[in-house]
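K.L.:
My questions all concern the structure below.
The values are calculated or read from the model by the stated rules, or taken from the named source; none is laboratory data. Please read all numbers here as calculations on a predicted model, not as lab measurements. Positions of Cβ are generated from backbone atoms using ideal geometry, with glycine treated the same way; all protein chains shown enter the neighbour counts. With ligands, DNA and RNA removed, areas are computed over all heavy atoms of the protein, side chains included. Shrake-Rupley method; radii C 1.70, N 1.55, O 1.52, S 1.80 Å.
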Amino acid sequence: MQVIDIGSREDGKIWHRKLVSSKHGVLVTVIRSTSARQTKTVRFLQVAFDTTGESFLAGDHHGNIYVFDISRNRFKLVQKTGQACTALAFNLRRSSEFLVALADYSLKCFDKDTRQLVSWMRGHEGAISSLSVHSSGRFAISTSSDTAQLWNLDTFQRKRKLNVRQSVGVQKVFFLPHSSIILSCFSDDSIFAWESDTLFCKYQLPVPDGTRVHYRTFAITKDGKTLAAAGRSSLLHLWCLESQQLLRVIQMPPKVKTVRHVDFLPDSFDGGSNQILGVLSQDGIMRFLCIHTCKQLFEIGSLEDAITSTTFCPKGHHIVAVMDSGALKVYDVRSLAPDISKPPQPLLKLVTKSNISEGSSLKVKVHTGAGQHPIKTSGRRIQTKILPTTAVSALDDKENGLPNGLNKKRLQALLRAFGEYPAKYRMFIWRSLLHLPENHAAFSSLTDKGLHSAYLCLQERYPIKSQKLQRGLQRVLSALAHWAAIFGETDYLPLLAFPFVKLFQNNPLICFEVVATLIVNWCQHWFEYFPNPPLNVLSLAENVLAHHDKELLQHFVTCGVTSQMYAWPLLETLFSEVLMREEWLKLFDNVFSNHPSFLLMAVVAYVICCREPLLLCTDKKDFEYFFHHRNSLDIVAMLKETYRLMESTPADVHPSSVLSDFEPLTQGQYPIFNKYPTFIVEYQSQERERIRQQEVEYLRERQEVQELHAEAVRQQAEFEAWYKQQELLLQGEEQRRRILQEEENKLAQQRARLAAMKRELKVKEHNLIDSTRRRFLKHQQDQRRIQLQRLDDEIQRKMALRDQETVAAVYDIEVRQMELNAQKQLFEQELAKEQERVSQEVRAELETRRRKAEMEDSTFQSLIQTDADLNQTKKKMLEESLAEAGQMKVDVAWQAEMIKQLDRAEEKQEKQKEQLVNLSKKTRAKEEEVVRLMQEVEGKQWDDVVAKQAELEEERLAAAAVSAQRRSLIFQETEEAKQHYNKLQKDLEDSRHHQKEKRLRSPRSSRGLLHTTNMNHQPVSNDSSCFSLDRGRGELDCKERELMQEIRELRKKLANRARATDFTSPSNSSIQSQ
């Protein structure tokens, strides 16, 4: 016994030396340790064999799934689930897929080749204890303690769900082999059988009387006829599912208290009626016993090395046991019991001379058993017959001798006695009767040619549920068509060959040779009238019927029923439509054991045995239905009638006079089959090939048209998508423009409201200043009401005159501003007209630059506004300082140096006038220069636009330079504004300091003294001097306001010029380049 530790390896060999089983039948022991020291092993939990029995899956406690291939001596890690598995299934329709039930109550399907997850199925609320897969591999049943669910493995969708009460748990639900019946077993020992398609309850097994067994484990034979059930007891119940009765109760040895697991050991030669049952008890020992003799044959496991669970190979060659230690042990069944799965001995032995009488007689022994292998026997004793030596001639020996030591006459005698051959020896006997040569090389040469063109679409004409049968039928029919061309044109050949394909689906060579032998011998003269039915053969059957039952034949003639209607359907299908499987097998046991004319006699016998219902039929449709469907017929009576017809039919009417004797297929190569009208077959073959070529050409052209149509549809879809995308882009652009326009409108409105608010604030501020000043003047007037009444009237008149002059000056400035704005709007309108003719890219770039200009303009405006606010503040402070200075001058004027101060004030006024005149001249000169520059720019723009369109890239660079220059200019202006602001601040501080010093130097008593003097002695000249001084101060304030207004207008013009420079950047760039 070899021990292998797979450890952390993902693949490798299972054993490393020649495999030799131990005395206990153990081939190899597989363990998996987690470390090199083997201090801790990972337990294996579940095992499942595939359909071939050559490989099996094993899942351990860590969720690793391994596949062990015994035939190739390899193991491989195929999946890591990450959690322990509770059940496995490896017999799906797709051989590379397997099912795994996991500890999280889910069911997963994996592919062992690609290691990919195929499907993930959920629905259980408890751990899945068992998985059962249908024989077709298309459906599976998962069972847990509370429910069972039926899954469709093609779509991996849940098809049905079995719910039970909580008090009654589910033990196991599984499919019967080769059947659509589902068997459900519950914890109350009740067992139900259901149809898988309709879930209709077919029957229920009765609950046995007496002590309950408490079923926990179940096993079914391969033929689905016997059920074994056991549980918490030492009793085994064997049920016959055909009769739904308890067949037998087996008492296990006293050591067995409870049964943990039962399973039937498969046998390749028992026809599915498994007779050896493995019983695993609580002591960890599995005992194998014969269910008929109740004798224990062998056992595996021991008390020291107990078994937890076992899995049997489908062919019965190996047993894989999961031990308590977590290891896997692979047992060789042939080492444990050499007589199991052993080919049967021949039924008959050769004739030998007896020792009692040397030449007087021969003794023949007929054995119906198979050695020591336990099987069902008929109960008859071995017959011994004494035959004379002269009864067997050399010619008879040659005719009746068969391969493998069989004798045809003896087989015929056995067949006449029992009516059929034993099921497990039938295939062996047929191969001997038909003398099958088993030409592997010749058959391989036929199959290597591939599928015949006539049977490429066989599934459309003859759909078969099983894909395996479909492929087997195609393979056999294609081999026949490659053997003889006529079989590619024969429509009924699939009907004729299908029963044998289904019977020999695992051995296509034997199936082909059986069908070929049948065609060569039992289908003689069938193809002489091809493509019509064999009228000559049908006439032979009609002659036999006319000889034995003229009344029935006359009834057929009266109803217009020919042999093509009552004989040909039976022949072309070989009775497969009208007989059950067992009946059909009995019939062909007799057909293959007799002359080829036996098949025609069977057709006549079938008609004669059914004469009563046929005489009642008058409609042709009734006859057609009768000969294409199963009828209640006793096959034994039909066979007896066939033998009667074979013996009682005259030689001139007997088909044997026309049909040749049996001729087996030749060894090495198959014989030539040309007993058919070759010109028709060749013509049909040529026509079929021509039609096939036309179909291929048509399919090719249709494929091209479909491809062109698909390409056209694809291009149309692309065009529509492109147009739709363009439309969406246009809509998006339009919407973006509309949004921008709305935002600009909102911004303009907000700016207008802000300007209005500023105007209102300034008006309020002016009003407040004016009210303050008026209040101050009123206070002065109240103080000097009596003394300065006339002076106050003059001041009022001068103030009114000053206000009129101020309004006139403001009006003139506004008119000039309107003119400049009109010129600017006209210039911008002309620029906008010209700008519409440039490309979209230039417009986008100009839009970007315009936004930058607006940001810079806003920055510049904020600087201008800051400067204006500073000027306003300075103005206020100057006004206040001037007011105080004026007041001080008024106070000083009352002193002695009144005349000198008046002269000095006049000189200052003259100087200020000159300064104002100079500043006004400079402002006008600057305005003229701005207008001249704007005219030059306007004149040069038209020339530059035409001349510089081809140099757009250079203009962009020049525009960037201009923008940089403009930013530097703005920066310079900002710096100048800051310097001007600092200068104003400094001047303001100096002024304040100077005023403070003046206040400190001025005597406070002089003001009152002078005031008193002026109150008592006020000459006329002093009044004129005060008026002149007040007028000079007002004129100075007015000039100062005008100067500040002109400075603001100049700055606005500079800002407008900068904005205009943004719109005429290309022209400016050309100007700069020149």
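K.L.:
Suppose the filter is closer than 30 Å to residue 478 by Cβ, open to solvent by 30 Å² or more (accessible area, probe 1.4 Å) and either at pLDDT 85 or above or part of a loop (DSSP other than H, G, I, E, B) (or both); does residue 465 pass it? Talk me through it step by step, then tell me what you get.
P.N.:
Working: closer than 30 Å to residue 478 by Cβ: yes; open to solvent by 30 Å² or more (accessible area, probe 1.4 Å): yes; either at pLDDT 85 or above or part of a loop (DSSP other than H, G, I, E, B) (or both): yes.
So residue 465 passes the test.
K.L.:
Of all residues in the range 475-508, count the ones that are more than 18 Å from residue 674 (Cα to Cα), of a type outside the set (Lys, Arg) and open to solvent by 50 Å² or more (accessible area, probe 1.4 Å).
P.N.:
Number of matching residues: 5.
K.L.:
I need the full set of residues from the range 47-67 which are farther than 16 Å from residue 100 by Cα and open to solvent by less than 10 Å² (accessible area, probe 1.4 Å), in order please.
P.N.:
Filtering the range 47-67 down to residues farther than 16 Å from residue 100 by Cα leaves 51-55.
The answer is 53, and nothing else.
K.L.:
Residues that are in contact with a strand residue (DSSP E or B) (Cβ under 7 Å, 6 or more places away or on another chain) and open to solvent by 50 Å² or more (accessible area, probe 1.4 Å): find the strands (runs of 3 or more DSSP E) completely inside the range 221-270 holding 2 or more of those.
P.N.:
Working: elements: 226-231, 235-240, 245-251, 259-264.
Of the strands (runs of 3 or more DSSP E) lying wholly inside the range 221-270, those with at least 2 residues that are in contact with a strand residue (DSSP E or B) (Cβ under 7 Å, 6 or more places away or on another chain) and open to solvent by 50 Å² or more (accessible area, probe 1.4 Å) span 245-251.
K.L.:
Also, I was wondering about something else. Working only within the range 784-804, note down all residues that are closer than 26 Å to residue 1042 by Cβ and polar (S, T, N, Q).
P.N.:
796, 804, listed by residue number.
K.L.:
Looking only at residues in the range 913-927 that are open to solvent by 90 Å² or more (accessible area, probe 1.4 Å) and at pLDDT 75 or above, which one is nearest to residue 1054 (Cα to Cα)? Before you say what the answer is, go through the steps one by one.
P.N.:
First pass over the range 913-927, keeping only residues open to solvent by 90 Å² or more (accessible area, probe 1.4 Å): 914-915, 921-922, 924, 926.
When the remaining residues are screened for being at pLDDT 75 or above, the result is 914-915, 921-922, 926.
Numbers: 914: 25, 915: 22, 921: 17, 922: 15, 926: 10 Å.
The selected residue is 926.
K.L.:
Could I ask something else about it? Out of all the residues in the range 798-836, which are in contact with a helix residue (DSSP H, G or I) (Cβ under 9 Å, 6 or more places away or on another chain) and hydroxyl-bearing (Ser, Thr, Tyr)?
P.N.:
The answer is 806, and nothing else.
K.L.:
Somewhere in the range 765-783, is a residue touching an Asp or Glu at 6+ places or on another chain (Cβ under 8 Å) and farther than 30 Å from residue 1046 by Cβ?
P.N.:
Yes - at least one qualifying residue is present in the range 765-783.
K.L.:
So, in the range 33-58, how many residues would count as being at pLDDT 90 or above and closer than 13 Å to residue 6 by Cβ?
P.N.:
2
K.L.:
Being assigned to a loop (DSSP other than H, G, I, E, B), touching a residue at least 24 places away in the same chain (Cβ under 8 Å) and open to solvent by less than 50 Å² (accessible area, probe 1.4 Å) is the filter here; which residues of the range 604-632 pass it?
P.N.:
Across the range 604-632, the qualifying residues are 617, 627, 631.
K.L.:
Quick test of your reading of the structure: residue 528 fulfils all but one of (1) part of a helix (DSSP H, G or I); (2) modelled with pLDDT under 90; (3) within 30 Å of residue 437 (Cα to Cα). Name the failing condition by number.
P.N.:
Evaluating residue 528 over (1) part of a helix (DSSP H, G or I); (2) modelled with pLDDT under 90; (3) within 30 Å of residue 437 (Cα to Cα) leaves (1) as the failure.
K.L.:
Mind checking which residues of the range 636-667 are open to solvent by less than 40 Å² (accessible area, probe 1.4 Å) and part of a loop (DSSP other than H, G, I, E, B)?
P.N.:
Answer for the range 636-667, where residues must be open to solvent by less than 40 Å² (accessible area, probe 1.4 Å) and part of a loop (DSSP other than H, G, I, E, B): 649, 653, 654, 659, 665.
K.L.:
Looking at this structure, is residue 247 among the hydrophobic types (A, V, I, L, M, F, W, C), at pLDDT below 90 and more than 21 Å from residue 133 (Cβ to Cβ)? Don't jump to the end; show me each part of the working.
P.N.:
Values: among the hydrophobic types (A, V, I, L, M, F, W, C): yes; at pLDDT below 90: yes; more than 21 Å from residue 133 (Cβ to Cβ): yes.
The answer is yes for residue 247.
K.L.:
I would also like to ask the following. Among the listed residues 777, 820, 801, which satisfies the condition of being modelled with pLDDT of 80 or more and under 30 Å from residue 1056 (Cβ atoms)?
P.N.:
Numbers: 777 fails: under 30 Å from residue 1056 (Cβ atoms); 801 fails: under 30 Å from residue 1056 (Cβ atoms).
On inspection, the qualifying residue turns out to be 820.
K.L.:
Identify, from the list 787, 804, the residue that is free of Cβ contacts under 8 Å to residues at least 60 places away in the same chain and polar (S, T, N, Q). Write out each step before concluding.
P.N.:
Values: 787 fails: free of Cβ contacts under 8 Å to residues at least 60 places away in the same chain.
Only one candidate qualifies: 804.
K.L.:
Which of the residues belonging to the range 763-782 are more than 23 Å from residue 877 (Cβ to Cβ) and touching a helix residue (DSSP H, G or I) at 6+ places or on another chain (Cβ under 9 Å)?
P.N.:
The answer is 781, and nothing else.
K.L.:
On the given criteria, is residue 56 touching a His at 6+ places or on another chain (Cβ under 9 Å) and aromatic (Phe, Trp, Tyr)?
P.N.:
Spelling it out, residue 56 is indeed touching a His at 6+ places or on another chain (Cβ under 9 Å) and aromatic (Phe, Trp, Tyr).
K.L.:
Do the conditions hold for residue 686, that is, is it open to solvent by 100 Å² or more (accessible area, probe 1.4 Å), modelled with pLDDT under 90 and under 24 Å from residue 485 (Cα atoms)? Can you show your working first?
P.N.:
On the way: open to solvent by 100 Å² or more (accessible area, probe 1.4 Å): yes; modelled with pLDDT under 90: yes; under 24 Å from residue 485 (Cα atoms): yes.
Taking the combined requirement at face value, the residue satisfies it.
K.L.:
Those residues that are aromatic (Phe, Trp, Tyr) and within 50 Å of the chain's Cα centre (by Cα), I need them from the range 510-534; list them, please. Break it down stepwise before answering.
P.N.:
Keep residues of the range 510-534 that are aromatic (Phe, Trp, Tyr), which gives 512, 522, 526-527, 529-530.
If the condition is that a residue be aromatic (Phe, Trp, Tyr) and within 50 Å of the chain's Cα centre (by Cα), then 512 is the only one that fits.
K.L.:
Would you check which residues across the range 154-185 are in contact with a Phe, Trp or Tyr (Cβ under 8 Å, 6 or more places away or on another chain) and open to solvent by less than 50 Å² (accessible area, probe 1.4 Å) and list them? Lay out the reasoning, then the answer.
P.N.:
Applying the first criterion (in contact with a Phe, Trp or Tyr (Cβ under 8 Å, 6 or more places away or on another chain)) to the range 154-185 yields 157-159, 164, 168-172, 174-175, 181-185.
Selection gives 164, 168, 169, 170, 171, 174, 175, 181, 182, 183, 184, 185.
K.L.:
Let me ask something else about it. Residue check, residue 752 against (1) at pLDDT 90 or above; (2) open to solvent by 90 Å² or more (accessible area, probe 1.4 Å); (3) more than 60 Å from the chain's Cα centre (by Cα), all met but one. Which one?
P.N.:
Condition not satisfied by residue 752: (2).
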